[in-house]
Amino acid sequence: MSGVRRIALVGLPGSGKSTIAPLVARGLGWDAVDLDDEIARTTGRSPAAIIAEDGESAFRDLELAALEDHQRLGIAQLARRPRRSKCVVQSHD
C-alpha cells in the first residue's frame with residue numbers, strides 16, 4: 001500500500017469497525033485508534049451518554065475533533081455519513 005498513510009473505517013454502529021481495525025493495523029504494522037474510546041477517555045463520558053445528554057450533533061463534533069487530533073494515525077474507526085468522512089480524511093493528506 002505505497003503512498004497510503006492512514007485509513008478511516010466508516011460504518012454504522014455494530015458494522016465491525018472495532019473488530020476489523022486492529023486486524024488491518026496489525027497486518028500493516030500500524031496502530032489502530034478507536035475514536036469512541038478516545039472520546040470517552042478525553043470527555044469522561046461514553047458516546048451513548050454524550051448523544052443522550054448533548055445530542056448526536058455534539059457527539060459528531062467531538063468525533064471530528066478527535067479525528068483531526070489523530071492526523072498521525074494509521075487507522076481511525078468512526079461512524080459518520082461516508083461523504084463527510086471521506087472529505088475529512090482527504091483534507092489531511
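Numbers at a glance
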{"item": "Residues of segment 10-53 that turn out to be in contact with a Ser or Thr (Cβ under 6 Å, 6 or more places away or on another chain) and assigned to a helix (DSSP H, G or I), as a count", "result": "1"}
{"item": "Pick from segment 1-14, criterion surrounded by 15 or more Cβ atoms within 10 Å (Cβ to Cβ) and of a type outside the set (Gly, Ala, Ser), ranking: modelled with the highest pLDDT", "result": "LEU9"}
{"item": "When residues of segment 16-56 are limited to those that are of a type in the set (S, T, N, Q) and free of Cβ contacts under 8 Å to residues at least 12 places away in the same chain, the one farthest from GLU68 (Cα to Cα)", "result": "THR19"}
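The rows are residues; the columns are (1) surrounded by fewer than 19 Cβ atoms within 10 Å (Cβ to Cβ); (2) among the hydrophobic types (A, V, I, L, M, F, W, C); (3) at pLDDT below 85.
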position	(1), (2), (3)
GLY16	yes, no, no
ASP31	yes, no, yes
GLY44	yes, no, no
ILE50	no, yes, no
GLU56	yes, no, no
GLU63	no, no, no
GLN77	no, no, yes
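The values are calculated or read from the model by the stated rules, or taken from the named source; none is laboratory data. These numbers were taken from a predicted model, which means no experiment stands behind them. Don't worry about glycine lacking a Cβ; one is built from the backbone with ideal geometry, like all the others, and counts go over all protein chains shown.
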